[in-house]
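S.K.: One structure, pasted below without further comment.
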Amino acid sequence: MVNLKNPLIWALAVSVSILPLSDTAAWAGAAEPAPSAATAESVRLLGEGAEVKIKLADGLKVKGVIESFGDDGLVLNTKRRPSPRTIDYAQIAQLKPAKRSYKASGEPDPVEARRAVVGLGVGHHVMVKQVSNLELHGNIQSIGMENFTMLPDHQQAPVEIAYSDVKVVHKNLSAGATLAVVIGVVAAAALIAVFLTGSDTVRGSL
């Protein structure tokens, strides 16, 4: 029986409860199959030449490079097939770029930066470093062809960031989520220690 008075149990409960709603919604949404319209928009933003990972509605997973796309589907070049494969958007349960982060090695590459932002997705908490070395942490609100908007932490108004001004972008846990992870790890370690101590006590009494 679980002892609800045990402080370790309460620590675990608190670590889950303090997760920001935005992070929780993003995690829940990431597991759901993408509607055809959303998939088509993602493909449009990624563009031809983007390397993607696709999970089909029947569970099959494919990886390749987008050769072309239209209103109803895309043409994918894969290493395992001698000829390109045509895939309807309605067949796609999940689509994401092979890379979900970006770091400029020289001059910023707006196309690669956009692909990383698309892979991260609306609602996710990210870190963005601009060419000016200004670093922002916040949630992506919308994604366009030339720029995207994000709501920086502790600010009321969103900001618009051009992909040509992005030096680095990658996933970033919010402060609440980071604290929750730390508390969860500490609580789990404490539970293991209690379990092992209890096991030694039982063995010693035999």
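The values are calculated or read from the model by the stated rules, or taken from the named source; none is laboratory data. What you see is a predicted model, and the numbers here were worked out from it, not measured in a lab. Here the Cβ positions follow ideal geometry from the backbone for every residue, glycine too, while neighbour counts run over all protein chains shown.
S.K.: Please determine whether any residue of segment 2-15 is of a type in the set (S, T, N, Q), assigned to a strand (DSSP E or B) and either modelled with pLDDT of 55 or more or more than 22 Å from the chain's Cα centre (by Cα) (or both). It would help to see each step written out before you state the result.
M.R.: Initially, segment 2-15 is screened for residues of a type in the set (S, T, N, Q), giving 3, 6, 15.
Filter again for assigned to a strand (DSSP E or B), leaving none.
No, the conditions are met nowhere in segment 2-15.
S.K.: Another one. Of all the residues that make up segment 45-70, how many are aliphatic (A, V, I, L, M), under 19 Å from Leu120 (Cα atoms) and touching a helix residue (DSSP H, G or I) at 6+ places or on another chain (Cβ under 7 Å)?
M.R.: Initial filter on segment 45-70 (aliphatic (A, V, I, L, M)): 45-46, 50, 52, 54, 56-57, 60, 62, 65-66.
Cutting the leftovers down to under 19 Å from Leu120 (Cα atoms) gives us 45-46, 50, 52, 54, 65-66.
Then keep just the ones that are touching a helix residue (DSSP H, G or I) at 6+ places or on another chain (Cβ under 7 Å); that gives 45-46, 50, 52, 66.
Qualifying residue count for the region: 5.
S.K.: Another question about this same structure. Identify, from the list Ser42, Ser68, Ser36, the residue that is buried (at least 17 other Cβ atoms within 10 Å of the Cβ) and either among the hydrophobic types (A, V, I, L, M, F, W, C) or touching a residue at least 12 places away in the same chain (Cβ under 8 Å) (or both).
M.R.: Values: Ser68 fails: buried (at least 17 other Cβ atoms within 10 Å of the Cβ); Ser36 fails: buried (at least 17 other Cβ atoms within 10 Å of the Cβ).
Of the residues listed, the single one that is buried (at least 17 other Cβ atoms within 10 Å of the Cβ) and either among the hydrophobic types (A, V, I, L, M, F, W, C) or touching a residue at least 12 places away in the same chain (Cβ under 8 Å) (or both) is Ser42.
S.K.: Just need a number here: residues in segment 147-163 that are of a type in the set (A, V, I, L, M, F, W, C) and assigned to a loop (DSSP other than H, G, I, E, B). It would help to see each step written out before you state the result.
M.R.: Residues of segment 147-163 of a type in the set (A, V, I, L, M, F, W, C): 148, 150-151, 157, 159, 161-162.
Subset that is assigned to a loop (DSSP other than H, G, I, E, B): 157.
Counting residues in segment 147-163 that are of a type in the set (A, V, I, L, M, F, W, C) and assigned to a loop (DSSP other than H, G, I, E, B) gives 1.
S.K.: Count, please, the residues in segment 160-174 that happen to be at pLDDT below 95 and of a type in the set (Asp, Glu). Before the answer, list the steps.
M.R.: At the first step, the residues of segment 160-174 found to be at pLDDT below 95 are 172-174.
Next cut, of a type in the set (Asp, Glu) only: none.
Count: 0.
S.K.: Oh, and also: Check Asp58 against each of (1) over 27 Å from Asp109 (Cα atoms); (2) modelled with pLDDT under 55 and name the one condition it does not meet.
M.R.: Here Asp58 meets the rest and fails (2).
S.K.: How many of the residues making up segment 94-136 are small (Gly, Ala, Ser), buried (at least 17 other Cβ atoms within 10 Å of the Cβ) and out of contact with any helix residue (DSSP H, G or I) (no Cβ under 6 Å at 6 or more places or on another chain)?
M.R.: The total comes to 3.
S.K.: To continue, here is another question. Can you give me the number of residues within segment 81-98 that are farther than 14 Å from Ser42 by Cα and touching a residue at least 12 places away in the same chain (Cβ under 8 Å)? Talk me through it step by step, then tell me what you get.
M.R.: Taking segment 81-98 first, the residues farther than 14 Å from Ser42 by Cα are 81-87, 91.
Among the residues that remain, those that are also touching a residue at least 12 places away in the same chain (Cβ under 8 Å) are: 84-87, 91.
So the answer is 5.
S.K.: Here's a follow-up. Here are some conditions: (1) in contact with a Lys or Arg (Cβ under 8 Å, 6 or more places away or on another chain); (2) hydrophobic (A, V, I, L, M, F, W, C); (3) within 13 Å of His170 (Cα to Cα); (4) part of a helix (DSSP H, G or I). Leu45 meets all but one. Which one does it not meet?
M.R.: (3)
S.K.: Quick check, is Val122 part of a strand (DSSP E or B), in the same structural domain as Thr149 (by TED's automatic domain parsing) and under 23 Å from the mean Cα position of the chain (by Cα)? Lay out the reasoning, then the answer.
M.R.: Working: part of a strand (DSSP E or B): no; in the same structural domain as Thr149 (by TED's automatic domain parsing): yes; under 23 Å from the mean Cα position of the chain (by Cα): yes.
Taking the combined requirement at face value, the residue does not satisfy it.
S.K.: Okay, moving on. Which of (1) at pLDDT 95 or above; (2) small (Gly, Ala, Ser); (3) surrounded by 16 or more Cβ atoms within 10 Å (Cβ to Cβ) is the odd one out, the single condition Ala157 does not satisfy?
M.R.: Here Ala157 meets the rest and fails (3).
S.K.: Another question about this same structure. Please determine whether any residue of segment 179-199 is outside the structural domain of Ala40 (by TED's automatic domain parsing), more than 19 Å from the chain's Cα centre (by Cα) and modelled with pLDDT of 95 or more.
M.R.: no
S.K.: Would you pick out the residues in segment 125-146 that are assigned to a strand (DSSP E or B) and not polar (S, T, N, Q)? Lay out the reasoning, then the answer.
M.R.: The first filter runs over segment 125-146 and keeps only residues assigned to a strand (DSSP E or B), leaving 125-130, 135-143.
Answer for segment 125-146, where residues must be assigned to a strand (DSSP E or B) and not polar (S, T, N, Q): His125, Val126, Met127, Val128, Lys129, Glu135, Leu136, His137, Gly138, Ile140, Ile143.
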